[in-house]
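Read the structure below first, then the notes.
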Amino acid sequence: MRRLRVFLSWLAMLSSASLCAAQAQRLVGDVSPASVRGRATVSEVINRTPATNPVRDLQVYLFAAESVKPFEDLQHKCRRAMAQPKADPDYTYRLCEAALAEAVQLIPTLPAVAEAKTGADGAFSFEHVAPGKLYHVIGVKSGEDGSPIVIVVKTARLRPGQQIAVELSENTPWTGATAE
């Protein structure tokens, strides 16, 4: 008799937990992860022929929008200097170059959601990304000529199960990020 009561209590508790889980799923809805995929390219003219080529071995980071504030401060610093009507071009250039060098050092230290490296075709992807957030996709590489590369794209708020494609163009100034 005692075993029967223990068994029935256990069964009641299990069915109650099952009902709560089903109700929670209805309240929360679909929370399928999203994904962000893309390609990094550079457009250039070689022998008077325009070409778009992949950027290989670019370190690409996925950041939640709220975690890139220090990077955005560097972007704003450079944009403010360029916006001054009587700005000294040499000073502005040096200030923006210094901010870019600082950004290259800063980005790997920020709390990234995910990291990837572009392949020979310039492609990268981030799977199992939490939906409901805005993200920044930032690519960083030391340039072949010593000039660093920083490429930035902002995503729209990701929906559950959404797959978005972003294009990182080396030709886009690092100080301005566009929403995809």
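The values are calculated or read from the model by the stated rules, or taken from the named source; none is laboratory data. Keep in mind it's a predicted model, so treat the numbers as computed, not measured. Neighbour counts are summed over all protein chains in view; Cβ atoms, including those assigned to glycine, are modelled from backbone coordinates with ideal geometry.
A compact table of results
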{"read-out": "Single residue of Arg56, Arg79 found to be within 24 Å of Ala156 (Cα to Cα), in the same structural domain as Glu167 (by TED's automatic domain parsing) and of a type in the set (Lys, Arg)", "value": "Arg79"}
{"read-out": "Qualifying residue in region 18-35 (condition: at pLDDT 90 or above, out of contact with any helix residue (DSSP H, G or I) (no Cβ under 9 Å at 6 or more places or on another chain), surrounded by 12 or more Cβ atoms within 10 Å (Cβ to Cβ) and part of a strand (DSSP E or B))", "value": "yes"}
{"read-out": "Residues being touching a residue at least 40 places away in the same chain (Cβ under 8 Å) and out of contact with any Lys or Arg (no Cβ under 8 Å at 6 or more places or on another chain) - total across region 100-136", "value": "18"}
{"read-out": "The one condition in (1) more than 16 Å from Ala165 (Cα to Cα); (2) at pLDDT below 95 that Leu134 fails to fulfil", "value": "(1)"}
{"read-out": "Qualifying position, being of a type in the set (Asp, Glu), in the same structural domain as Glu167 (by TED's automatic domain parsing), exposed (fewer than 12 other Cβ atoms within 10 Å of the Cβ) and assigned to a helix (DSSP H, G or I), among Glu66, Glu102, Glu97, Glu72", "value": "Glu66"}
{"read-out": "Selection status of Val113, modelled with pLDDT under 95 and either surrounded by 13 or more Cβ atoms within 10 Å (Cβ to Cβ) or within 25 Å of Pro54 (Cβ to Cβ) (or both)", "value": "no"}
